[in-house]
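Before any comments, here is the structure.
The values are calculated or read from the model by the stated rules, or taken from the named source; none is laboratory data. Quick caveat, the model's predicted, so the values are computed rather than measured. Here Cβ is always computed from backbone atoms with ideal geometry, including for glycine, and neighbour counts include all displayed protein chains. Accessible surface areas use protein heavy atoms only, side chains included; no ligands, DNA or RNA. Shrake-Rupley method; radii C 1.70, N 1.55, O 1.52, S 1.80 Å.
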Amino acid sequence: MHLDVQDLRNFYYRSTLGRAAQASIRGQLLRMWPDAIGETVAGFGFAAPLLRPYLPEARRVLALMPGPQGVMQWPAGMPNVSILCEETSWPVETGRVDRLVVLHGLETSERPSDLLDECWRVLGPGGRAIFIVPNRGGFWARSDATPFGFGRPYTLTQVENQLRGHQFVIERHAAALYRLPSQRRFWLKSGAMIERFGRRLPAMMAAGVFLVEVSKQTHPQKGHMIKSRRTNPIRVLEGLSNPVAEPA
């Protein structure tokens, strides 16, 4: 099930824990994709908090939000780029997107296979996507107080196998969100230190989310190409003016 856009907005923009989570995930995303100069960048689900650094340099930025979730105007104080869309049918031309970020989209989808097919469709040849999903073994997936406690959490192997099954090529993976999902003052203040320490631990044990980067690779067809010849439709009328003897 999809979360409501108002709940997501309140978490990421109006709570201390949500702003910290946004900073942790966005920081890791920027380490993987430091720039997107002249490219078309799209986000699906509730990826808007992660896309702001790409607004000045990208050719175009789109924030696609599924109907069951709802949509909000984004970014604040700038021309709106958020779009309400069907979960598995986006108003984007085939092969138009260079970079795609999916946050709170895959684990909450009731049709994940169709959603991945749509992600594949909109990516251009060589295009890249990062899927951000809750770590099934992390603390964040066990807490109902954050958006990461809803939907289907994944192990790293599960999400990578699912992506391979839809023709994506796994490029690399990373992790983020090492702090505890607690609103208590002590854990909020010590969160930055825990984040630095957590990067030294195995991702499967400590991280709240996985970031899996994939690419869309298209290969040219092999073998001999045979050009089909179309029958000239005018020959159908030849028998009327120039009869041809039929074989015995």
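For 215, 89, give the ranking by accessible area with the largest first, probe 1.4 Å. It would help to have the intermediate numbers written out before the result.
Working: 215 0, 89 70 Å².
Accessible-area ranking of 215, 89, largest first: 89, 215.
Can you give the local net charge around residue 74? Use residues other than it whose beta-carbon is closer than 13 angstrom to its beta-carbon, Lys and Arg +1, Asp and Glu -1. Show your work: numbers first, answer last.
Numbers: positive: 9, 52; negative: none.
My count for the surroundings of residue 74 gives +2.
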**Long-range HN-HN contacts of residue 43 with modeled amide H, under 5 Å** = 62, 63, 64, 101
**Asked** What does the charge dipole of the stretch 41-175 about its Cα centre add up to, to the nearest 20 debye, if the Cβ of each Lys and Arg holds +1 and the Cβ of each Asp and Glu holds -1?
**Response** 340 debye
